[in-house]
Structures are given as structure tokens and as C-alpha cells.
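Asker: Next up is a structure, given as C-alpha cells.
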Amino acid sequence: MADTSDFRNGLTFVHNNELWSIVEFQHVKPGKGGAFVRTKIKNLKTGKVIDPTFRSGEKIEVVRVERHPHQFLYSDDLGMHFMDNETFEQTTVPTAAVEGRLYLKEGETADILVNVNTGETVKVEIPRHVELTVVNTDPGLKGDTAQGGTKPATLDSGATINVPLFVNEGDILRVDSGTGDYITRVR
């Protein structure tokens, strides 16, 4: 058992019988009363973020989570299929459990977080920034700039995002997989 003095960003622990990860925390010592820890934690299953407060010294159950790189193979009715890069074992994860799945192409690498105690897959994390090719969009016109406006573009992963008017089919774009925002065109 650990307590609130062990808090750090990324720590995974059990809270209300669910797994949570600390996004940020702050120890607070008011002038009157006992110290406490103000936190922002994220549910690893649902992605929900809450802001609970813990009394200083409160006991928590820490869960050890290991990160294993896996290659995304394909997706079907059973879920998304990944292969461990070291042991070549295949793992199937429910499609709904993968955040940012629209920006993951076959053959790309993602990290699967596994609870060491139970062997259960906790979460799949794809890279924050991914490079994808535009397969369908309206043609850009001469003189269009980044300041002009946006248009929809379909990427090779199947996702559709808004891009600047100067982007053409075949361009490789860097996209934020968390928000789905266009970042830049890769030369």
C-alpha cells in the first residue's frame, strides 16, 4: 500500500474499484486544517477525467502497469488485432477500447498497457502525432494559403479531418491523434 506522498504524474491506482491514472496533482497545506492533495485523474477504461481531493497520508492501492509495443495488424468484427514486437504473440482488443483508432494504420506501432498483477490489457495508446496520406480532397487552388480556410480531407486510415485549402491528394500530413487536428504538411 502506498499513500498520497507517492503521487506522481502517470501513477496508476485503484479508486472506487476502477483503474485511474494521475494526470496532475498538487499538495495543499492550508493555514487552518489538515493538508490535502488536489488531483486530476483519468479513468483508464472510459477516459473520463475527474478532480477528487485526497487527505494527506490517505492510503491507495497502486497498480503496476507495463507498456509493451505492439504492431497493429488489422481490424474486424472481433476487435483490433495487434502483434507483440518481441514475442510475436497476437492480442485482440475491443475496438471501442482504443482511443484515436481512426488515426491508426495497419503496420503502425501502438503501446498496450498491461496490468502486471492480472495480465489484463488496461489501455492501448497510439502515438500522439501520426503521419497520414491524403487520399481524397478537393483540389487546392493557386494562391490558397494557411490563413484562408479549411476543407475536408479523407486520410489513408479512413479518418476525415479539416485541412487548409492548399493541401492536395497525395500530401503527407502530421495529425494530432488525440484531437484529430491538422498540424502540418510533411515534406
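Asker: What single numbered condition from (1) out of contact with any strand residue (DSSP E or B) (no Cβ under 8 Å at 6 or more places or on another chain); (2) surrounded by 13 or more Cβ atoms within 10 Å (Cβ to Cβ); (3) not β-branched (Val, Ile, Thr) fails to hold for Gly33?
Answerer: Only one criterion in (1) out of contact with any strand residue (DSSP E or B) (no Cβ under 8 Å at 6 or more places or on another chain); (2) surrounded by 13 or more Cβ atoms within 10 Å (Cβ to Cβ); (3) not β-branched (Val, Ile, Thr) is unmet by Gly33, namely (2).
Asker: Considering each of Val134, Val130 in turn, give the residue that is under 21 Å from the mean Cα position of the chain (by Cα), more than 27 Å from Val62 (Cβ to Cβ) and among the β-branched types (Val, Ile, Thr).
Answerer: Step by step, each of Val134, Val130 is checked, and only Val130 is under 21 Å from the mean Cα position of the chain (by Cα), more than 27 Å from Val62 (Cβ to Cβ) and among the β-branched types (Val, Ile, Thr).
Asker: Let me ask you something else. Applying the selection to the range 73-111, what residues are crowded, with 17+ Cβ neighbours inside 10 Å, within 14 Å of Pro127 (Cβ to Cβ) and free of Cβ contacts under 8 Å to residues at least 40 places away in the same chain?
Answerer: Listed by number, the residues that qualify are Val98, Arg101.
Asker: Next question, about the same structure. Pick out, from the range 53-156, the strands (runs of 3 or more DSSP E) lying fully within it that include 3 or more residues that are more than 27 Å from Leu19 (Cβ to Cβ).
Answerer: 129-137, 150-155
Asker: Given (1) at pLDDT 90 or above; (2) basic (Lys, Arg); (3) outside any strand (DSSP E or B), where does Arg174 come up short, assuming only one miss?
Answerer: The failed condition is (3).
The values are calculated or read from the model by the stated rules, or taken from the named source; none is laboratory data. Given the structure is predicted, the values throughout are model-derived calculations rather than measurements. Every residue, glycine among them, receives a Cβ derived from its backbone with ideal geometry; neighbour counts consider all protein chains shown.
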